[in-house]
Amino acid sequence: MRIQAIETARLYLRSFEREDARFAVGIWNDPEMGEYLPDEAMEEIDEAYLKEIERLPEDKECCYLISELKDTHERIGTCSFMASDDGKTYDIAYCVHRDYWRKGFATEAAKGMIDYAVRQGARKITVRVNKENAGSNRVVRKLGFEVTGETTYQKRGTEKVFADYLYELHV
């Protein structure tokens with residue numbers, strides 16, 4: 001799914017392009033930056049996996065975005081959302097490159113997606129956050145999300161099982 005760029009004070013959240021695949025994989029599969037994400041860390045990028053990521057712009061259900069600085073267009077992270085069939089619920093996700101941690105960019109990207117969803121008629125925003133991810137848990141709580149449940153997932157290609165909080169924000 002593709003959309004017009006979402007603009008925030010410092011960021012553009014623009015549609016993911018094939019050329020963004022290596023950047024995204026560099027974050028998602030990094031042992032530190034991707035620690036709480038479902039994909040496993042990779043020392044070398046698997047070409048078949050990379051081809052799979054290059055096809056993300058073609059996804060009809062999920063909107064994959066790249067967050068970039070407005071002033072330089074430098075890529076600083078990834079984010080995504082999926083809308084329910086009736087458009088009343090949006091599930092969001094975000095990830096910021098470690099060089100931009102603790103500068104408010106995760107909060108700004110999440111807020112940008114929330115504002116976009118509200119303009120589209122959303123009544124509820126959901127997000128899943130790993131219980132151990134203190135920074136991301138702070139972000140969603142600061143934005144007014146409340147824990148409504150818990151779930152687990154197995155990290156792709158590993159035996160590791162992680163626990164997430166399920167958050168909701170009613171708008």
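The values are calculated or read from the model by the stated rules, or taken from the named source; none is laboratory data. These figures come from a predicted structure and were not determined experimentally. Because the Cβ atoms are built from the backbone with ideal geometry, glycine has one as well, and the counts that use them run over all protein chains shown. Each accessible area value is taken on the protein alone, full model and side chains, heavy atoms only, with ligands, DNA and RNA left out. Shrake-Rupley method; radii C 1.70, N 1.55, O 1.52, S 1.80 Å.
Remarks
- Surrounding net charge for D46, when Lys and Arg each add one and Asp and Glu each subtract one, Cβ distance under 13 Å: -4
- Only Cα pairs under 8 Å and 6+ residues apart enter the sum, and on that basis the relative contact order of the range 4-75 stands at 42 percent.
- Using the Cβ of V147 as centre and a radius below 11 Å, the other residues enclosed give a net charge of -1, where K and R count +1 and D and E count -1.
- Figure note: K60, K155, K124 ranked by solvent-accessible area, largest first, 1.4 Å probe, ligands and nucleic acids not counted: K60, K124, K155.
- Inter-probe distance in nm under a simple model that places probes 7 Å from Cα toward Cβ, at E44 and V161: 3.3
- Helical content alone sets the calculated 222 nm signal of the chain at -7000 deg cm²/dmol, taking -39,500 (n - 2.57) per DSSP H segment of four or more residues and averaging over every residue.
- Legend: residues E168, E61, sorted from most to least accessible area (1.4 Å probe; ligands, DNA and RNA excluded), read E61, E168.
- Label-to-label distance, nm, for residues given as T148 and T89 (7 Å Cα→Cβ offset): 0.6
- Within the shell defined by Cβ-Cβ distances under 12 Å, the residues around D59 carry a net charge of -1, with Lys and Arg each +1 and Asp and Glu each -1.
- Solvent-accessible surface (1.4 angstrom probe) belonging to D46, in square angstrom, nearest 10: 70
- Listed residue pairs exceeding 30 Å between alpha carbons, taken from K51/K142; K60/K111; K88/K160; K51/K155; K124/K155: K51/K142; K88/K160
- Area accessible to solvent at M82, 1.4 Å probe radius, in Å²: 80
- The figure for D99 is an accessible area of roughly 90 square angstrom, using a 1.4 Å probe on the protein chains alone.
- Dipole check for the chain: with +1 at the C-beta of Lys and Arg, -1 at the C-beta of Asp and Glu, and the Cα centre as origin, the magnitude is about 840 Debye.
- Cα gyration tensor of the chain - equivalent ellipsoid semi-axes, whole Å, descending: 22, 20, 16
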